[in-house]
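J.: Mind looking over this structure? Questions follow.
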Amino acid sequence: MNMNKQQKNAFVIVPEGETQARWLQDVLEQEGEVVKADANSIDRVRQLLDLTGSQVVFVGLSSQNLRQNIAFIEDLVTFKTMLLVIAVADHADNELLLGAMRAGAREFITSDTKSSEVLRLLHRLQLRAPVASHTTDKRGRITSLVSARPGADSPMLALHLALAAQAQSANEKTLLLDLGTPAADTLTYLGINAPYDFTDAVRSLRRLDEVLIDTAFAKHESGLKLLALPENHNGIGEVTSADVYVLLNVLQRYFSNIVINLGGVPYSDFLNLIVNNSDTTLVVLEQSVPSCKQNMQLIRKLTQGSTDTSSIKLVVDHYLPSLPPDADNLARGLNLELLMTLPSSGMARLKMMNSGESLFKCAPRDPYTLAVRKMAKRLYSKQVTGTSETANNSLIGRVKAWMRIG
């Protein structure tokens, strides 16, 4: 479920183990957004229910943890009396069934239940449930940049898109969220030291407000705020998908535009969740065979689930129009809309990375700088509309044609 787009169903799952989690995600992914939470954090689950407006929670059960499972269900229905709790077990067990129903679960299912039966049960329960009183406040616009290969291209573009968005909307706040690999490159480019990082923000979720954002987040002289992963990545393993979901929602209350660098981040639930909640996702690649092949694989994984493919656009960096494949053929082969091509401008980029100044200052008339300004106007001056022409040939077939694979 994209927090900015038309509201779809949202389901919070609290599984007992990864097997249950994968099964529930497979069953529910076409019905709406599936947000996984940890049973150890009832507060986080409550936050997710408030943020998503979800009326359905799937809670995993096991014989080993039955007492904790029952207490968790009781806490949920006490917090929200009309909540639809569906208990999930790996196998039929009378003790689990009775314990869950006594605690307040509406239904009991096992992980070998057919998907069609689960969905029929779900639809029947939803028809009986009262209409959710979920209010949608004004939310900031999220633009994510993904690339299958780590490097300087994605952080360079993310940084300058964010700076351009801030300049175009001086009265509105823009945030650059740098979650790419290598870590915190955007801060390094600008010579900014930021003791407060992404993992600190996750730990501070309960008290994350405008005062903390103004005082703790790194700030560029343009007014742009920056938040990045720590360079050593300490603590990132403790961050859950639920944490990321809640943090994005909170940040959208305070920023009109959020640009997220995800360059070099491999496909994962973490990446999928952010892309799914982005208004626009830019795939940044080059004309080279390795770049196109790896990004094609990433795009295929992203579009297998519930991601809105019309929100994914193509950016061809270091573009050489005289060499094949050209940008239009690349876009058709990947079945994506071509948003922009960017020139190499190697000297300007190197000067920027070593000077601590943005290209808007050190190379304002460089073709790359001008192209990024043009891209920002397309993204932030008006809503990007239209979808790419449907490719007549298959994605794999067209890319194979010029890569000479197989």
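J.: For residues that are touching a residue at least 24 places away in the same chain (Cβ under 8 Å) and either aliphatic (A, V, I, L, M) or touching a Ser or Thr at 6+ places or on another chain (Cβ under 7 Å) (or both), tally how many sit in segment 290-326.
T.: Narrowing segment 290-326 to residues touching a residue at least 24 places away in the same chain (Cβ under 8 Å): 290-302, 305-320, 323-325.
Now restrict to residues that are either aliphatic (A, V, I, L, M) or touching a Ser or Thr at 6+ places or on another chain (Cβ under 7 Å) (or both): 295-296, 298-299, 302, 309-316, 318-320, 323.
Total satisfying the criteria: 17.
J.: For the subset of segment 180-196 comprising residues that are assigned to a loop (DSSP other than H, G, I, E, B) and touching a strand residue (DSSP E or B) at 6+ places or on another chain (Cβ under 6 Å), which member is farthest from SER222 (Cα to Cα)?
T.: Taking segment 180-196 first, the residues assigned to a loop (DSSP other than H, G, I, E, B) are 180-184, 191-196.
Among the residues that remain, those that are also touching a strand residue (DSSP E or B) at 6+ places or on another chain (Cβ under 6 Å) are: 180, 184, 192, 194.
Numbers: GLY180: 22, ALA184: 19, ILE192: 13, ALA194: 16 Å.
Taking the candidates together, the pick is GLY180.
J.: Any residue that is crowded, with 21+ Cβ neighbours inside 10 Å and among the basic types (Lys, Arg) - is there at least one of those in segment 19-37?
T.: Yes: one or more hits.
J.: Answer yes if at least one residue in segment 297-310 is surrounded by fewer than 22 Cβ atoms within 10 Å (Cβ to Cβ) and at pLDDT 95 or above, and no otherwise.
T.: First, pick out the residues of segment 297-310 that are surrounded by fewer than 22 Cβ atoms within 10 Å (Cβ to Cβ): 297-298, 300-310.
So of that shortlist, the ones also at pLDDT 95 or above come out as 297-298.
Yes, segment 297-310 contains a residue that is surrounded by fewer than 22 Cβ atoms within 10 Å (Cβ to Cβ) and at pLDDT 95 or above.
J.: Which pairs turn up if I take residues in segment 218-233 that are in contact (Cβ under 8 Å) with a residue 40 or more places away in the chain and look for partners that are outside any strand (DSSP E or B) and acidic (Asp, Glu) with beta carbon separation below 8 Å, at least 6 apart in sequence or on another chain?
T.: Qualifying pairs under 8 Å: LEU227/ASP197; ALA228/ASP197; LEU229/ASP197; PRO230/ASP197.
J.: Considering only segment 83-101, state which residues are over 23 Å from VAL27 (Cβ atoms) and aliphatic (A, V, I, L, M).
T.: LEU98
J.: Which one is farthest from SER116 (Cα to Cα), of the residues in segment 29-62 that are assigned to a loop (DSSP other than H, G, I, E, B) and of a type in the set (Ser, Thr, Tyr)? Step through it out loud before you land on a result.
T.: Taking segment 29-62 and keeping what is assigned to a loop (DSSP other than H, G, I, E, B), we get 29-31, 37-41, 53-55, 61-62.
When the remaining residues are screened for being of a type in the set (Ser, Thr, Tyr), the result is 41, 54, 62.
Numbers: SER41: 31, SER54: 21, SER62: 24 Å.
This residue is SER41.
J.: Follow-up question, since we're still on this one. Please note which helices (runs of 4 or more DSSP H) are completely contained in segment 214-320 and include at least 1 residues that are in the same structural domain as TYR189 (by the TED database), of a type in the set (A, V, I, L, M) and over 30 Å from SER41 (Cα atoms).
T.: On the way: elements: 241-254, 269-276, 289-302.
Helices (runs of 4 or more DSSP H) meeting the threshold: 289-302.
J.: Taking segment 46-70, which residues are among the β-branched types (Val, Ile, Thr) and in contact (Cβ under 8 Å) with a residue 40 or more places away in the chain? Full working, then the answer.
T.: Our first condition is that a residue be among the β-branched types (Val, Ile, Thr); within segment 46-70, this holds for 52, 56-57, 59, 70.
The answer is THR52, VAL56, VAL57, VAL59.
J.: Let me ask something else. Please determine, by comparing only the residues of segment 311-332 that are over 21 Å from LEU157 (Cα atoms) and out of contact with any Phe, Trp or Tyr (no Cβ under 9 Å at 6 or more places or on another chain), which one is surrounded by the most Cβ atoms within 10 Å (Cβ to Cβ). I'd like the intermediate steps shown before the answer.
T.: Within segment 311-332, the subset over 21 Å from LEU157 (Cα atoms) is 322-325, 329, 332.
Restricting the remaining residues to those that are out of contact with any Phe, Trp or Tyr (no Cβ under 9 Å at 6 or more places or on another chain) gives 322-323, 332.
On the way: SER322: 5, LEU323: 8, ARG332: 21.
So the residue we want is ARG332.
J.: Taking segment 189-212 only, how many residues are over 23 Å from the mean Cα position of the chain (by Cα) and not aliphatic (A, V, I, L, M)?
T.: Of the residues in that region, 4 qualify.
J.: Here is a list: MET352, MET347. Which entry is surrounded by 14 or more Cβ atoms within 10 Å (Cβ to Cβ), aliphatic (A, V, I, L, M), at pLDDT 95 or above and outside any loop (DSSP other than H, G, I, E, B)?
T.: Every option except MET352 fails the conditions.
J.: Regarding segment 323-346, can at least one residue be identified that is assigned by the TED database to the domain that holds LEU187, touching a strand residue (DSSP E or B) at 6+ places or on another chain (Cβ under 6 Å) and among the acidic types (Asp, Glu)?
T.: yes
The values are calculated or read from the model by the stated rules, or taken from the named source; none is laboratory data. Quick caveat, the model's predicted, so the values are computed rather than measured. Because the Cβ atoms are built from the backbone with ideal geometry, glycine has one as well, and the counts that use them run over all protein chains shown.
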